[in-house]
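Peer 1: Dropping a structure here in structure tokens format, bear with me for questions.
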Amino acid sequence: MVTAPHARAPRTDRPDDVSDLLRLLVRDPGRPRLTWYGDDGERVELSGAVVENWVNKTTNLLVEEFDASPGTRILLDLPAHWRTTVWALAAWRVGATVVLAGDDDTAEPAATRPDVVVTTRPGRWSGTRADLVAVALPALARRFDADLPAGAVDAASAVMTYGDQVGWAPDPDPTATAVEGPDGYAVGHADLVAQAPAPAGAAPGSRVLLRGTGAVADVLRALVAVLADDGSVVLLSPGRSRTLDEDGPALERLVATERVTAAPVH
């Protein structure tokens, strides 16, 4: 297993963990923090207050529905997307391990040993013993638009029933693993926020363009780093990324419209 370095001292100018990160985001609650562009032209903008609200509701669901806590393995079978960010932050908020499934449909699902699977394709995981959460990606979706395996939770309807403030959540164990990638990469909770590598050229406070064409683990690490440095992110879906890479003028217009100050190439 390739493990992120743990010996370095945490950066003192960053939040210590996800709870502190969320508090940073709501110091300026109306400021855009995460703007999403989807394949079909969908644009979703989340302020700091809205990000915190989504994460709080999802945290409450994880705790109340699945008793999520340190040691719980939450597999995210999701693409690079704003909803993926919410589920990852909520899982880390309770000290769980986020397991990233990768794109290999031939892989044996049981090999990842999940306790909870959060997925856009619940049928793939119906044979596991894990609890299933089905995620509909469109922003206006009110339910998962397909048949669900018995016992699966429909995130589109369930998340909204939970409280806007976290009632109770366990504290993360800094020595525990926060994220496991399909390539064996692992990051501990102690380094998750404090040591997340900032994208090239992204100074503190930057508005950063992130392309969703890379590994989900890379997108999440970059996004956490930008937010921890008091910045904001414009996240492009894989399809939108490829379209704009082939249309220079459209990309320039988006960068200007969104006031992007850093646009690393992934």
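The values are calculated or read from the model by the stated rules, or taken from the named source; none is laboratory data. Just so it is clear, the model here is predicted, and its values are computed rather than measured. All Cβ positions, even for glycine, are placed from backbone atoms using ideal geometry, and neighbour counts span all protein chains on display. Please note that ligands, DNA and RNA were not included when accessible areas were found on the heavy atoms of the full protein model with its side chains. Shrake-Rupley method; radii C 1.70, N 1.55, O 1.52, S 1.80 Å.
Peer 1: Name the long-range amide H neighbours of residue 188: under 5 Å, sequence gap of 5 or more, or other chain; modelled H, no Pro or chain starts.
Peer 2: Under 5 Å from the amide H of residue 188 lie the amide H atoms of 4, 178, each far enough along the sequence or on another chain.
Peer 1: Amide H to amide H under 5 Å from residue 72: which residues, 5+ apart in sequence or cross-chain, H placed 1.01 Å off N in plane?
Peer 2: The list, which skips near neighbours in sequence, is 97.
Peer 1: Additional query: Find which of 87, 263, 72 sits farthest along the positive direction of the dipole of the chain, computed with +1 on the beta-carbon of Lys and Arg, -1 on that of Asp and Glu, about the Cα centre.
Peer 2: 263
Peer 1: Additional query: So in the chain, what percent of DSSP beta bridges are antiparallel if you round to the nearest 5? Intermediate values should be presented prior to the final figure.
Peer 2: Values: 8 of 36 bridges.
Of those bridges, close to 20 percent are antiparallel.
Peer 1: What is segment 137-266 by shape, rounded, prolate or oblate, if you read a ≥ b ≥ c off the alpha carbon gyration tensor as root eigenvalues and call it rounded for a/c under 1.5, prolate for a/b larger than b/c, and oblate otherwise?
Peer 2: oblate
Peer 1: Could you let me know the centre-to-centre spacing of segment 221-250 and segment 127-171, using Cα atoms, in angstrom?
Peer 2: 26 Å
Peer 1: Another question about this same structure. Once phi is turned into ³J(HN,Hα) by the Karplus curve 6.51 cos²θ - 1.76 cosθ + 1.60 with θ = phi - 60°, what whole-Hz value does each residue of segment 162-178 show in order, with x for glycine and proline?
Peer 2: Calculated HN-Hα couplings, in order: 9, x, 6, 10, 5, x, 7, 8, x, 7, x, 8, x, 8, 7, 7, 8 Hz.
Peer 1: Could I ask something else about it? Rounded to the nearest 10 Å², what accessible area does residue 54 have for a 1.4 Å probe in the complete protein model?
Peer 2: 60 Å²
Peer 1: Highest GNM mean-square fluctuation, the chain, Cα pairs closer than 10 Å: which of 64, 180, 52?
Peer 2: 64
Peer 1: By how many nm would the segment from residue 203 to residue 257 grow when fully extended, if each residue of separation counts as 0.36 nm and the alpha-carbon distance is taken off?
Peer 2: Using 0.36 nm per residue and subtracting the Cα-Cα distance, I get 17.5 nm.
Peer 1: OK, next. What FRET efficiency do you get for residue 42 and residue 13 if R0 is 41 Å and r is their Cβ-Cβ distance, rounded to the nearest 0.05?
Peer 2: 0.75
Peer 1: Still on this structure, I have one more. Please list, in order along segment 235-242, the HN-Hα scalar couplings obtained from phi with the Karplus expression 6.51 cos²θ - 1.76 cosθ + 1.60 (θ = phi - 60°), rounded to whole Hz, x for Gly and Pro.
Peer 2: For segment 235-242, the Karplus-derived couplings read 9, 9, 5, x, x, 5, 4, 5 Hz, x marking Gly and Pro.
Peer 1: Another question, then. At a probe size of 1.4 Å, how large is the accessible area of residue 37, to the nearest 10 Å²?
Peer 2: Rounded to the nearest 10, that gives 20 Å².
Peer 1: Where the accessible area of segment 142-265 is counted over protein heavy atoms with a 1.4 Å probe, how much of it, in %, is carbon and sulfur? Write out the running numbers ahead of the final one.
Peer 2: Details: 3010 of 5790 Å².
After summing per-atom areas, the C and S share lands at 52 percent.
Peer 1: Can you give the convex hull volume of the alpha carbon atoms of the chain per residue, in Å³?
Peer 2: Value for the chain: 125 Å³ per residue.
Peer 1: May I pose another question? Testing the spin-label approximation: label points 7 Å from Cα along Cα→Cβ at residue 147 and residue 161. State their distance in nm.
Peer 2: 2.3 nm
Peer 1: Shifting gears a bit: Suppose accessible area is computed on protein heavy atoms with a 1.4 Å probe; arrange 35, 261, 177 from highest to lowest.
Peer 2: Working: 35 0, 261 100, 177 45 Å².
Sorted by accessible area, descending: 261, 177, 35.
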